[in-house]
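The structure appears below as structure tokens.
The values are calculated or read from the model by the stated rules, or taken from the named source; none is laboratory data. Just so we're clear, the structure is a prediction, and the values are computed from it rather than from any experiment. Every residue, glycine among them, receives a Cβ derived from its backbone with ideal geometry; neighbour counts consider all protein chains shown.
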Amino acid sequence: KNHLGAFEAALLPQCAGGGAADGTASLDVASNPLMAGLDALLRISYVDDIETFKVCLDYWHLFVCDLFSSEEVGLLAMGSGGAQASWGGAQQKSPFANLGGVAGGQPGPSGPPKSRKVAYTPVLSALRLLMISRMAKPEEVIVVEDESGHIVRESMKDNDTLVRYKIMRETLIYLSHLDRIDTETQMIDKLSMQIDGSEWSWNNVNTLCWAIGSISGSMVEEQENRFLVNVIRDLLNLCEITRGKDNKAVIASNIMYVVGQYPRFLRAHWKFLKT
């Protein structure tokens with residue numbers, strides 16, 4: 001854990017500086033030590049050890065929060081302050097502010113700083129997949145798999161899991177604001193792999209649906225409606241083609257959970273959901 005913390009501390013100033021001198025970062029891991037470091041941390045984040053993951057998660061949360069804040073600063077610099085209303089609230093002080101570099105990347109020859117979001121596009125896309133694949137269980141979920149592999153109602157709350165869920169939820173919301181289309185596409189693709197059976201498991205469908213529920217409110221209404229219609233139809237299809245009482249119970253509980261996280265959609269599509 002201590003070595004991992006030192007590794008992250010070494011990455012922080014580099015990420016704060018935005019990479020190359022012109023505010024961009026090479027996407028080639030082989031030629032860019034910073035991108036290689038982030039790629040290594042992504043791989044470490046998949047290690048099946050919760051304490052290791054928590055250390056990685058703290059770093060990713062800071063990284064994405066800072067990147068999101070720098071995008072807001074960039075919008076303000078370009079006179080687009082009105083565009084940030086849908087980006088989710090008040091600005092936060094950059095956690096990288098005292099680490100050197102410029103929050104929004106290095107300034108160009110003339111004009112506002114260049115976007116770091118573009119430079120880190122591959123990292124951000126991989127991070128979305130990580131958050132979707134390892135999303136922690138939210139407080140609202142009470143139907144879980146016990147140690148014997150049976151579906152039961154949970155009677156106790158796991159505070160450590162709830163804290164992790166809140167951090168992951170906020171991180172994924174920032175990631176969704178940075179690229180809603182990629183977030184939606186990755187979730188739909190993961191759902192398709194549940195239907196074709198290539199990634200079907202209780203854990204996979206649970207974490208996917210918890211991730212889908214976690215980004216409630218991060219999309220404009222039209223996009224949210226289109227996205228959820230696809231999600232619910234796919235989940236209903238999955239429930240229909242899947243055999244086994246316990247399997248169907250898991251899918252049904254996830255349908256109810258997802259719908260419950262989107263009250264705006266629920267009010268507008270009550271007839272659709274009744275069918």
### Task
May I ask you to say which residue of ASP196, ASP146 is over 20 Å from the mean Cα position of the chain (by Cα) and at pLDDT 95 or above?
ASP196
### Message
If I filter the stretch 199-227 down to residues being over 13 Å from the mean Cα position of the chain (by Cα) and assigned to a loop (DSSP other than H, G, I, E, B), which single residue comes out as surrounded by the fewest Cβ atoms within 10 Å (Cβ to Cβ)?
### Response
VAL220
#### Entry: Breaking point among (1) more than 19 Å from GLY213 (Cα to Cα); (2) in contact with a helix residue (DSSP H, G or I) (Cβ under 6 Å, 6 or more places away or on another chain); (3) at pLDDT below 90, for ARG153
(2)
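Hey, can you tell me all the residues within the stretch 249-263 that are part of a helix (DSSP H, G or I) and of a type in the set (S, T, N, Q)?
Initially, the stretch 249-263 is screened for residues part of a helix (DSSP H, G or I), giving 249-260, 263.
Selection gives SER253, ASN254.
Just need a number here: residues in the stretch 233-248 that are in contact with a strand residue (DSSP E or B) (Cβ under 6 Å, 6 or more places away or on another chain) and either among the aliphatic types (A, V, I, L, M) or not in a helix (DSSP H, G or I) (or both).
0
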### Task
Note down all Cβ pairs under 7 Å where the first residue falls in the stretch 247-263 and is closer than 14 Å to ASN237 by Cβ and among the polar types (S, T, N, Q), the second is crowded, with 18+ Cβ neighbours inside 10 Å and at pLDDT 95 or above, and they're at least six residues apart or on different chains.
ASN254/VAL205; ASN254/ASN206; ASN254/CYS209; ASN254/LEU235
### Query
Would it be correct to say that ILE241 is more than 23 Å from PHE53 (Cβ to Cβ) and either in contact with a Ser or Thr (Cβ under 6 Å, 6 or more places away or on another chain) or surrounded by fewer than 21 Cβ atoms within 10 Å (Cβ to Cβ) (or both)?
yes
### Task
Please verify whether the stretch 196-209 includes one or more residues that are aliphatic (A, V, I, L, M) and either without any contact (Cβ under 8 Å) to a residue 40 or more places away in the chain or on the phi > 0 side of the Ramachandran plot (or both).
no
